[in-house]
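Each remark here refers to the structure printed beneath this line.
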Amino acid sequence: MHKDILIRIVGGFGIGVTLGLLVQFFVAMGIEQEGYAWVVPEFQAFFPSEAIAIIAQILLTGLIGITFALAAQFFEIARWGMLKQYIVHFAVTAIVWIPIVMTLWMPKTMANVFSLLASFLGTYVMTWLLQYTFSKRDIEQINAMLKKEGELHDN
């Protein structure tokens, strides 16, 4: 159990940092300035140096990755229904992801806040619908196999 959690933390941190660097790359390409922006200037303004801002960004994107990795365990709670799993996972990840993303990359306009919230919610709805469809198909296949096996034993 503890080993699994440690693996999730380390793996989640690594994936979060990697994805954060990828996002920052695309954000930097969209910022009109002379060199590569390791952090968004608005975020860097919170810190005394660019190096500290970069470290903070790495830690924050790592925290996002850890949150998603650990929150995935909600889907392993069999006594919870799929809807409850998704609602709790959504709430936990949103509480961490939204403020960090807004702090790191999003300009603070109402349109951008709405866009961020809509994209996060939209992604969740699409993910839930896909997962529901796959789960329903799997259940139908299992039921068909059980029915076929029951028919074989009846003969």
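The values are calculated or read from the model by the stated rules, or taken from the named source; none is laboratory data. The structure displayed is predicted, hence computed values, not measured ones. Heads up, the Cβs are rebuilt from the backbone with ideal geometry, glycines too, and the neighbour counts pull from every protein chain shown. Accessible surface is based on the protein model in full, side chains and every heavy atom, while ligands, DNA and RNA are left aside. Shrake-Rupley method; radii C 1.70, N 1.55, O 1.52, S 1.80 Å.
None of Ile54, Ile95, Ile87 is under 18 Å from Thr18 (Cα atoms), assigned to a helix (DSSP H, G or I) and either of a type in the set (A, V, I, L, M) or not assigned by TED's automatic domain parsing to the domain that holds Thr123 (or both) except Ile54. Within region 85-94, one or more residues are out of contact with any helix residue (DSSP H, G or I) (no Cβ under 9 Å at 6 or more places or on another chain), free of Cβ contacts under 8 Å to residues at least 24 places away in the same chain and within 30 Å of Phe43 (Cα to Cα).
Within region 46-57, being in contact with a Phe, Trp or Tyr (Cβ under 8 Å, 6 or more places away or on another chain) and open to solvent by 40 Å² or more (accessible area, probe 1.4 Å) holds for Glu50, Ile54.
When region 1-16 is filtered for residues that are open to solvent by 100 Å² or more (accessible area, probe 1.4 Å) and under 13 Å from the mean Cα position of the chain (by Cα), only Ile15 remains. When restricted to residues that are exposed (fewer than 14 other Cβ atoms within 10 Å of the Cβ) and either touching a Pro at 6+ places or on another chain (Cβ under 6 Å) or modelled with pLDDT of 90 or more (or both), region 78-110 contains 5. Note on region 111-133: among residues that are modelled with pLDDT of 85 or more, more than 26 Å from Ile58 (Cβ to Cβ) and of a type in the set (A, V, I, L, M, F, W, C), the one that is most open to solvent (accessible area, probe 1.4 Å) is Phe114.
Is it the case that Leu60 is of a type outside the set (Ser, Thr, Tyr), surrounded by fewer than 18 Cβ atoms within 10 Å (Cβ to Cβ) and assigned to a helix (DSSP H, G or I)? No, not satisfied.
Identify all residues within region 19-45 that are touching a residue at least 24 places away in the same chain (Cβ under 8 Å), over 16 Å from Val96 (Cα atoms) and open to solvent by 90 Å² or more (accessible area, probe 1.4 Å); write none if there are none. Once the filter is applied, which keeps residues that are touching a residue at least 24 places away in the same chain (Cβ under 8 Å), over 16 Å from Val96 (Cα atoms) and open to solvent by 90 Å² or more (accessible area, probe 1.4 Å), region 19-45 yields only Glu42.
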